[in-house]
Amino acid sequence: MIDGWRQVLMRPSDSIKAALEVLGNQALRIVVVVDSYDRLLGVVTDGDIRRGLLSGVGLDESIVQVMVKTPISADITASNEDLVKLMNDNDILSIPLLDNGKVVGVETLHNTLNTKESIDSPVFIMAGGFGTRLRPLTNECPKPMLELADDYPMLRVLIEQFKQQGFWKFFISTHFLPEKIHSYFGNGEKFGVEITYLHEDQPLGTGGALSLLPESAYEESPIILINGDILTQLDFSKLLSFHNRSGAEATMCVREFDYQIPYGVVSSNEGKLNGFKEKPVETYTVNAGIYVLSKKILTKVSSSTKIDLPSLLEQTVENHGEVRVYPFYDYWLDIGRMEDFKRARRDFTLLKR
């Protein structure tokens, strides 16, 4: 499913001129007309508008005047093969995706033909934290369920990003208000993926939660573990390939982080001034909260033991195990503080265009 599809949703009261602006700003080649409940009413393309203008319809009139009122659509569960056939048979380039009559996505022929092959490695998303630094927003809502846009919690963003790259099998660890996550995602079928929930009765940390995974989850392939509060454009398939080539027990994604010291820094020797740097910038390599883990390290985690993953990796290195680092430079944001969340909402709107 195409990112940014909500940008092409319009109401029947919107004008043809407004529809032209949407078509010009988006790459989906379609405007989807819905009611206040997002139920499909019709679609509009450049051709529909062009034919309407030639017949005397004005730009300020409602898009209802030019929309196709019985559009071709597909169920959200339709396979890529079915979508390609449907669009080819009807000579269309884009199609609304429905769930019980409600528009829940838009797919294009180009995207469907270029969907990546399925990747069997599972994804483990940590979604059990309390999000204390984002209170009061997280008083009644798990942090990964905070919305970056209308009906777009950050956890959905993560799952859809992985899905677009070919990943389909997900494990989600929960603790705080798990029912909020369960009721939204269910078993994942609605989003075209498979989701299994692993509940922590007591917080186990990012390392301890791994003990809840069934061994079958990592018997054949390594897993990708990611914190549920991360927004990134990382190519996960490349990360997985790097890990598989390295033969390491674990791979940690790392980023360069610049920190500007807000004061002038003085260097001296025996009370004498040697130099002075005004507000210098220090560069550090930081943990990005994304890992690939092989079976060997996963079997080391004792049941119900509380431990964070960095501590587990340190123990692995101390015991002469190999842990690799994977530097990446794609967009990345750890949504830990209120200012991070505000930035994520701004950035998400730009990234989805």
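The values are calculated or read from the model by the stated rules, or taken from the named source; none is laboratory data. A quick note: this is a predicted structure, and the numbers were derived from the prediction, not measured. Neighbour counts are summed over all protein chains in view; Cβ atoms, including those assigned to glycine, are modelled from backbone coordinates with ideal geometry. For the accessible areas, the whole protein counts, side chains as well, though only heavy atoms, and no ligand, DNA or RNA atoms are used. Shrake-Rupley method; radii C 1.70, N 1.55, O 1.52, S 1.80 Å.
Would you check if there is a residue in region 151-172 being among the acidic types (Asp, Glu), within 15 Å of the chain's Cα centre (by Cα) and open to solvent by 30 Å² or more (accessible area, probe 1.4 Å)?
Yes; the residues of region 151-172 include at least one that is among the acidic types (Asp, Glu), within 15 Å of the chain's Cα centre (by Cα) and open to solvent by 30 Å² or more (accessible area, probe 1.4 Å).
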- Between a first residue in region 99-111 that is farther than 19 Å from GLU81 by Cα and a second residue that is charged (D, E, K, R) and part of a strand (DSSP E or B), which pairs have beta carbons less than 6 Å apart while being 6 or more apart in sequence or on different chains? GLY101/ARG39; LYS102/ARG39
- Taking region 54-96 and keeping residues open to solvent by less than 80 Å² (accessible area, probe 1.4 Å), within 16 Å of ASP14 (Cβ to Cβ) and out of contact with any helix residue (DSSP H, G or I) (no Cβ under 7 Å at 6 or more places or on another chain) leaves GLY58, SER62, VAL64
- Note on the structure: When SER173 is run through (1) closer than 20 Å to ILE119 by Cβ; (2) in contact (Cβ under 8 Å) with a residue 40 or more places away in the chain, the failure sits at (1)
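Checking the conditions here, which among PRO122, PRO203, PRO136, PRO144 is under 29 Å from GLU314 (Cα atoms) and surrounded by fewer than 17 Cβ atoms within 10 Å (Cβ to Cβ)?
Sole residue among the options that is under 29 Å from GLU314 (Cα atoms) and surrounded by fewer than 17 Cβ atoms within 10 Å (Cβ to Cβ): PRO203.
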- Of all residues in region 234-276 being within 27 Å of the chain's Cα centre (by Cα) and of a type in the set (D, E, K, R), the one that is modelled with the highest pLDDT: GLU249
- Where in region 218-272 are there strands (runs of 3 or more DSSP E), lying fully within it, with 3 or more residues that are open to solvent by 40 Å² or more (accessible area, probe 1.4 Å) and of a type in the set (D, E, K, R)? 250-260
- Restricting region 297-338 to residues that are in a helix (DSSP H, G or I) and of a type in the set (S, T, N, Q), the one least open to solvent (accessible area, probe 1.4 Å) turns out to be THR316
- Query: Just checking, which of LYS300, LYS277 is within 20 Å of PRO122 (Cα to Cα) and either without any contact (Cβ under 8 Å) to a residue 24 or more places away in the chain or among the aromatic types (Phe, Trp, Tyr) (or both)?
  - Reply: LYS300
- Task: Give the residue, chosen from ASP60, ASP91, that is at positive phi and assigned to a loop (DSSP other than H, G, I, E, B).
- Result: ASP91
- Task: Mind listing whichever residues of region 4-47 are without any contact (Cβ under 8 Å) to a residue 12 or more places away in the chain and either open to solvent by less than 50 Å² (accessible area, probe 1.4 Å) or of a type in the set (Val, Ile, Thr) (or both)?
- Result: GLY47
- Listed by first then second residue, the pairs whose first member lies in region 60-72 and is free of Cβ contacts under 8 Å to residues at least 40 places away in the same chain, whose partner is assigned to a loop (DSSP other than H, G, I, E, B) and open to solvent by 50 Å² or more (accessible area, probe 1.4 Å), with beta carbons under 6 Å and at least 6 positions apart or on separate chains, are ILE72/ASN90
- Note on the structure: When every residue in region 176-190 that is under 26 Å from ARG343 (Cβ atoms) and either without any contact (Cβ under 8 Å) to a residue 40 or more places away in the chain or aliphatic (A, V, I, L, M) (or both) is compared, the one surrounded by the most Cβ atoms within 10 Å (Cβ to Cβ) is ILE181
- Task: Determine, yes or no, whether PHE185 is among the aromatic types (Phe, Trp, Tyr) and closer than 24 Å to PRO327 by Cβ.
- Result: no
